Structures are given as C-alpha cells and as structure tokens.
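A.B. asks: My questions all concern the structure below.
Just so you know, all these numbers are worked out from the coordinates, no wet-lab data involved. These figures come from a predicted structure and were not determined experimentally. Here the Cβ is made from the backbone with ideal geometry for all residues, glycine too, and neighbour counts use every protein chain on show.
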Ligand code: SF4
Ligand code: SF4
C-alpha cells in the first residue's frame, strides 16, 4: 500500500466525502418530493442511508492502493476480512443498484458480447459486463486485490468469481459451505473451521496485515449486534399497521449486506429502529390504509420497486415479510466471540438458501403466522436457480397447509428484457381479486 | 438373453432378482466403488427417453433438461422399482431437485446426498471428502447392513481396471486405432452408467478385442466438450461428415472415467486421492486455467482440428466457463463451435448446418 494513496484516501474520507454529502444534500433540499396519498410519510432515515451508501461507493474509488480491496459475495463471512482492513465491494449490491437505475440490460449486454449467455444470473452478467466495459452508475469501482466467495447462497457465485479471478489474474478464496440436505453435521462445521484456518495466512499475505484475534472478536460482536438490530427492524412489521414495508426493507438492507461488521452499519440500524418504534407508537404505517398483509419470496425486482410499492399500496396491501430480507437476521445471532470460527461456520452455513426446502417451508409457515400474512407473492427468477427451483411445490404446500392465497410472477431482478408487464399485470389482477381488494 | 442384448431396464430388473439393490443416481460425481461394495447397482439418470409433462408442474421452464428429465422419470413412476436414490451435489438445480423429491414430493424410498467439496485446493477439502465417504457408508449401512472392507478393496480394484480399460479406449481412439463410429463408442461408454462391474469389465474387454486396431486414421479429429453427447444424432452426423471425436472433455466422459489409480493403503484415502486427481470439471469448481490446460493437452495429444462445446441449455457450470475457454483456444489457433442444446430434441436443421459449416471450415 503506498503512502500517497493512503493520504489521498484519508483526505477524501475526512474532507472530500463530507463535502460531497453536503453538496448532494443541499441540491436535494431544493426539490422535495410530493407526498403520495397511499403511502405513509417517507422515513427520515432514508437520507442518512443514501449518505452512507454514496459515501461507501465514493470512497471506494480512492481505496485502491490505500487499503486492500476485496470483492465479496453477499453471504460470505466478511467479518474475517475486516480484521485485515479490506475495503469490501459487493457486486450483488452493485447489481441491485444497476437494476434500480434500469441499467441492467445495458451492462449485461457487455458480458453477452463476450459470450456470456443471457440465461446466466444477471448479477453475474452485470458484474462481468462492468468488468469488461467499466460501465456503472456508481462512478467507478476499485479493481480488487482479492475475490472472496461463499457458496452458501448458490454455486453460481463460484463460477462467476472464477471468471473474474481468471480475467484479472487475482486470487480467489472460496469458503465452501456444504449444503444441509438434512441437519448440519459436526464434520461440516469442522471442515469450515479448517478452511478459515487455511485462509488466514493467505489473507495476511494479500493484505500485508497480521491477524488479530482481539480485533476479530470485536468485529464478531459488532456484526452480531447489527444483524440482531436488523432483525428487530424487520420485526417492527409484526405491528399493524407495519411502520415500513418490505419494499423499504429491500433498500435499507444495503448496510447489513455491504457494511456488516463495521460500526457504521450498527449505528445506522439503531437510528432506523428508533424511528420505526416511534412510528409504531404513533400508529404510522408504511401504507396509509393497510388492509391486507403480504409476504414476498425471493430477491427484489429492482427496476419495479417504486411502481410496485404504489401498485400494492393503492389497494391497501403491504408487504410485511420476506425470506430475502430475513436472511441477514436469520442466523447471524449464532456469532459468538467465545468460539468465533465455529459460530461463524454455523451462522453462514445455516442461511435459508443453504438449507433444504423443508427448512424453507417451515420458515415461511412460521413467518406467515408471526407476521399475520394474508397472501404470498412468489417471484420466480430465471437468474436464480437455488431460490426458484421448488417454488411451485412450496406454493402448493403452503396453500394446502395454511390456506394462503398466492401468485407466482416471472421476472428477473435486474434484466427487464426477461419481464412482461402484461403477463404480470394479468396474474396480479387475478391475485387481487382472490384477495378481494 | 445375454447381458449385451438386454435393455437397461431389463438388466436392472435382472440384477434386482439376483439380490442386488438398485439405486437411481443423479449426476455426476459419486463413489461408485462404495456402492458396488455394498451390493448396489447405481443406475445413473441423465437423459432418460421420456417426454416432459408432469415435471412442468414442479419446475420452471428455465431449468436444464437433465433435471427436468430426471424428475419426470420419478413422477411417472418409472423409478418405483428402485431401492434408493443418491443425489450428488453437482449444481444448484440438482441440489434443489433433490430437496423437491425428498421434502415435497416424497420419494417413498431412502434418499442419500453426497457433498463433494467445491474448494478443491486445500487439505481441508481432502479430509472432508474422506469423512463424507465414511458418512455415506454409515448411512448406507443402516439400510443395507455392514460394509465388508474386503469387498471395498476388491471393488476399488475393479474401478481401476475399468478406468484403465476406458483409458485404452480413449488412447486407441485418439490414434485412430479403434474401429467404431462415434455413436457406437459413446453407446459403449454409457453402458458404464448402469452395468455392475462384474458385467462391465468383460463387456469392455470384448469390445476392445473386437474393435482394436482397425480404425480409420484419416478422419477429421475434433474434441467434444460439454456434459453429455446428446442429441445422439450429432454423433451420427459426425460419422457422416468424416469426423472422429479424438478425445472428449465430457462430464459423462473423460472428466469422470479417466480416474488415475491411487496406491494409498487406506481405501477411503485411495478414493479421495483418485477423486482429486481426476481431470478438471466445472461442477467441482476447477479453475479455468486448469480446464484450459486440459483442453490444450487433449488437442496437442490427438492433433484435434477444433473443439465443439455441446452445452446443455441452462447449465450454469458449463456456460460460465465457455467464453474464456473458447477465447483462449481461438487465440491459440484452434477453432471452436458452441452449441446450445436441449436434450432428446433430435438434431435441428440449424444445428446440423452449423456443425456442417464448422467441419467444412476446419477441413
Ligand atoms: S441471484 Fe441467485 S444465482 Fe445470482 S448470485 Fe444471487 S443467489 Fe446466486
Ligand atoms: S446439465 Fe448442468 S445444470 Fe443440469 S444438472 Fe447437469 S450440471 Fe446441473
């Protein structure tokens, strides 16, 4: 790491980023948004979230050379990387950002030009497309020194990160989490712990930092606290009316994904939780007239977030639960400073996508009861096999067991070439009719 | 009827009558020798000749046809005579299909899962593989009784024999010294997907004795990559066009069949060592460099004039590797053809034209 680059990074962190935030905020104040009659007042925290994420992406431009840079999958145990002071970039989060800004097809096509099939996961295509063309709405992403990949969410990330590693000739560390076809076994935990032990010298070499157990324990504590606060944020949606919706949660998820293990994420969720508790106390809902409550299964459709939040809100429908947002609150509570490696293995390998479909069925049943859900929207995502294979049966079984009404819609999370407005509208209209809204 | 004349189903029923246990095994990597040692006949399920109807109610159309055909076979009751299923952890789609069958549909028979490490680089992965083998053994023992350690050693020896026979097949074919067409070659190879070793070994030996040494050397050598040689009509087309598949990088082919023998004493460690020294495979997380080097070595050894990637539609492990592999081969002057294939759909006019044009180009 060079002294000049470190000095530049620190300058930008202490002066450049705050100046940018100030400028953005003063511009934003000049054009306030018109309130929508179907939606509750916007969250006060939203500005702070924007600030945090903008700052994160902005500073990342100056991180190269000042800090070791890692690109990390959303389910990877990033806590270990924090010990070595890696600046972490989450390509999936970047993919979501591109999706929300409707840049998915344009950036995906850069990967397709190189031969990547349009059937492949669009997060991967966006990331590879960005790597080949530099296109991104985030300004510029730093080239990584390390790729860190955990296959607890899918095997796709493994294939995808292998490509990046090859293309840039940079090291790839894989954290292999055996799939829990049934219960997790001790030997699975041991295998994962051994992998952590194997990783440490490699991480020391790449980062030039020494492993510090004290630091690791602190980070583990912060990560657990952040995830449990995130869990409490989600749990506020058990109230009627729910103070936020899952569409909000999709957005407010960014820090727990991208900044997990850093104090800033914990601070943010504490502020958010305070605001939501205040809304609960005052009876303020995310949807002004919440009549029915819904659950969402799968990742968000980023390019439809705003449209759909209005479409559902107009009918008094609020999404109060989702398997996706829950994933970052579900197992991180296992983290334990007393046995950091074992607990981290457990926390990361017990996430919903690394468990059997029976587990997912039970989890959804529980969530439907806890959140008093009236209907279920299942998004079948052609990009994502682990999330989507099994959904038809999941729908059938939940219907049989709980009598819950549901609809399956087909789309992609970022690539709107795989989305049909007409077909979706028809299915949703039928669903609304069944719900009598 | 001799074993050679029997259909796959008849053979499996015959084996069952003889007291063997028949397991349906989904793709791709699993310890055959362990199953054999427990008197199990693994019947692999890749591309059964069924029409997909019932599976449509369970799987989206964007799931690969290996998984869709496999589930269809189960739903149509064509696996009812089996004594169990084994699901190796090959990819996300197989993983979830296993769970659909086990958790949602109900297989009414024991289901086993075999996780092979996706991080093939460290010591941890090797140790885990051994533990996973032992775990599979213990689970099978609950259904089938204790494993006889001598039987395992004997089956491992048979496994070595089979690999060396396949190795001979591949070598002779590479040199143009095997007198069989492409279709016949793969038909024989694929009988290993369900024959018990006691029957497979003599059959392979007979095949070699009959066909050794009379091959057509002048045929155009190409390498075939992908998961499996389907539609089978493509092999007939190669024959018609004077193409000899001089080697392959198929998941049902060299990636699994050419297993280097291990001299370790412990049979489980032996199986592990063989597994980790098999040719690189996308389903095992092999780095691209290794796959590239493997393909280049096959081209060099067989004088192949081109590489055909026959990729199953929606097969993520394969499709991710294709762009870099084709790019690298082209840079080194080897032409490539990439086909996007739905299984059992025959040879479309477009596919035929593309293959013909490719062969014309490399001739
Ligand atoms: S969308 Fe699905 S397939 Fe793509 S990276 Fe995420 S979990 Fe993996
Ligand atoms: S063809 Fe590909 S996606 Fe399908 S089961 Fe085989 S490895 Fe998995």
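A.B. asks: Compute the FRET efficiency between residue A:11 and residue B:290 as 1/(1 + (r/R0)^6), taking r as their Cβ-Cβ distance and R0 = 60 Å, and round to the nearest 0.05.
C.D. replies: 0.85
A.B. asks: Output the relative contact order of chain B, whole-number percent, from Cα pairs under 8 angstrom with separation of 6+ residues.
C.D. replies: 17 percent
A.B. asks: Another question, if that's okay. Using only atoms on other chains, find how many Cβ atoms lie within 10 Å of each Cβ of peptide B:86-95 and report the average.
C.D. replies: Counting other chains' Cβ atoms within 10 Å and averaging over B:86-95 gives 5.
A.B. asks: Continuing with this model, one more query. Which of B:310, B:56, B:230 ends up with the largest GNM mean-square fluctuation for chain B, with Cα atoms connected below 10 Å?
C.D. replies: Most flexible of the set in this elastic network: B:56.
A.B. asks: Please compute the average number of Cβ atoms from other chains found within 10 Å of each residue's Cβ in peptide B:58-66.
C.D. replies: That works out to 5 on average.
A.B. asks: Let me check the size of region B:187-228 from its C-alpha atoms; what are the radius of gyration and Dmax in Å?
C.D. replies: Here Rg and the maximum Cα pair distance are 13.3, 35 Å.
A.B. asks: Is the C-alpha gyration tensor of chain B telling us rounded, prolate or oblate? Criteria: a/c under 1.5 is rounded; beyond that, a/b larger than b/c is prolate, otherwise oblate.
C.D. replies: rounded
A.B. asks: Let me have the 222 nm mean residue ellipticity of the protein assembly as shown computed from DSSP H runs of 4+ only, each contributing -39500 (n - 2.57), with the sum over all residues rounded to the nearest 500.
C.D. replies: -16500 deg cm²/dmol
A.B. asks: Once you keep just the Cα pairs under 8 angstrom separated by 6 or more residues, what percentage relative contact order results for chain A?
C.D. replies: Relative contact order here is 18 percent.
A.B. asks: Using the Cα gyration tensor of region A:3-436, with a ≥ b ≥ c the square roots of its eigenvalues, what is the shape: rounded (a/c below 1.5), prolate (a/b larger than b/c) or oblate (neither)?
C.D. replies: Verdict is rounded for region A:3-436.
A.B. asks: GNM, chain B, Cα, under 10 Å: largest mean-square fluctuation among B:125, B:174, B:28?
C.D. replies: B:125
A.B. asks: Would you mind getting me the FRET efficiency between residue B:353 and residue A:113? Use the beta-carbon distance for r and R0 = 30 Å, nearest 0.05.
C.D. replies: 0.80
A.B. asks: Taking the Cβ of each residue in A:287, A:437, B:40, A:407 as the centre, tally the other Cβ atoms inside 10 Å and list the residues starting with the fewest.
C.D. replies: A:437, A:407, B:40, A:287
A.B. asks: Still on this structure, please answer the following. For region B:258-290 and region A:114-148, write down the distance between their C-alpha centroids in whole Å.
C.D. replies: Using only Cα atoms to place each centre, the spacing works out to 32 Å.
A.B. asks: Which residues does a label at residue B:363 reach in region B:333-356, if reach means a backbone N under 11 Å from a point 7 Å past the Cα toward the Cβ?
C.D. replies: B:356
A.B. asks: Let me ask something else about it. To make sure I understand, if each residue's beta carbon is the centre and we count other beta carbons within 10 Å, what order do A:220, A:206 fall in, fewest to most?
C.D. replies: Ordered by Cβ neighbours within 10 Å, fewest first: A:206, A:220.
A.B. asks: How shielded is A:359-372 by partner chains, expressed as the average number of their Cβ atoms within 10 Å of its Cβ atoms?
C.D. replies: Mean partner-chain Cβ count within 10 Å for A:359-372: 1.
A.B. asks: Report the residues of region A:222-259 in range of a label on residue A:369: point 7 Å along Cα→C-beta, backbone N strictly under 20 Å from it.
C.D. replies: Taking a point 7 Å out along Cα→Cβ of residue A:369, the residues of region A:222-259 whose backbone N falls under 20 Å are A:235-240.
A.B. asks: Between residue A:433 and residue B:143, how high is the FRET efficiency from 1/(1 + (r/R0)^6) when r is the Cβ-Cβ distance and R₀ = 56 Å? Nearest 0.05.
C.D. replies: Here the calculated transfer efficiency is 0.70.
A.B. asks: Further question: Is the shape of the protein assembly as shown best called rounded, prolate or oblate, per the rule: a/c under 1.5 gives rounded, else a/b larger than b/c gives prolate, else oblate, with a ≥ b ≥ c the square roots of the Cα gyration tensor eigenvalues?
C.D. replies: Prolate, since a/c reaches 1.5 and a/b exceeds b/c.
A.B. asks: Okay, moving on. Between residue A:167 and residue A:362, what is 0.36 nm times their sequence separation minus the Cα-Cα distance? Round to one decimal in nm.
C.D. replies: Using 0.36 nm per residue and subtracting the Cα-Cα distance, I get 66.1 nm.
A.B. asks: Please find, in a Gaussian network model of chain A (springs between Cα atoms separated by less than 10 Å), the residue of A:133, A:258, A:245 whose mean-square fluctuation is greatest.
C.D. replies: A:133
A.B. asks: Find the relative contact order for region B:306-361 and round it to a whole percent, using C-alpha pairs within less than 8 Å whose residues are 6+ positions apart.
C.D. replies: Across region B:306-361, relative contact order equals 44 percent.
A.B. asks: Quick one: order A:170, A:271, B:94 by neighbouring beta-carbon count within 10 Å, fewest to most.
C.D. replies: The fewest-first ordering by Cβ neighbours comes to A:271, A:170, B:94.
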